[in-house]
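Read-outs: derived from the displayed coordinates by stated rules, not from any lab. Given the structure is predicted, the values throughout are model-derived calculations rather than measurements. Cβ coordinates were reconstructed from backbone atoms using ideal geometry, including for glycine residues, and neighbour counts include every protein chain displayed.
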Amino acid sequence: MTTRTDLPASCVTALEERFEPELFQALCDPVRLGLVAHLAASGRALTVTESAQCCGIHFSGVSRHLALLKRAGVVRAEKHGREVHYRLEVGALASTLRGLADALEACWEEGQRASA
């Protein structure tokens, strides 16, 4: 079994710098992932009521899921009167995921060079 000490320090550092556990915890729930997909497909900010149309659960549950997504930086909330509109943070989310993918790829390439 490989331990952290068996890994190249550059890989560990690169992955630790880019890995955001809160993000993956937020995205691992099927309802939240459905909300993310719904917001992405809409291309605009949605209210809690509009967002609830995708999930088949009560808007109070949707509100809690959106609040968790907000804490993880996946969505941004904008208050308009009594309503809160949620917008997907597409750029930030894509950048974070690309950064992690790039770190994994660099680590794999380093491993390939070391094993050659």
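Structural remarks
- ALA40/GLU78 FRET efficiency (R0 22 Å; Cβ-Cβ; nearest 0.05): 0.85
- Taking trypsin sites (Lys or Arg not before Pro) across the range 52-116, the ones in a DSSP loop with at most 15 further Cβ atoms lying within 10 angstrom of their Cβ are ARG82.
- In a simple Cβ point-charge model (Lys, Arg +1; Asp, Glu -1; nothing else charged), the range 18-115 has a dipole of about 420 debye relative to its Cα centre.
- Distance between the pseudo-spin-label points of LYS70 and LEU33 (7 Å out from Cα toward the beta carbon): 2.4 nm.
- Considering only THR49, THR13, HIS38, the residue lying farthest towards the positive end of the dipole of the chain is THR49, judged by Cα position with unit charges set on Cβ.
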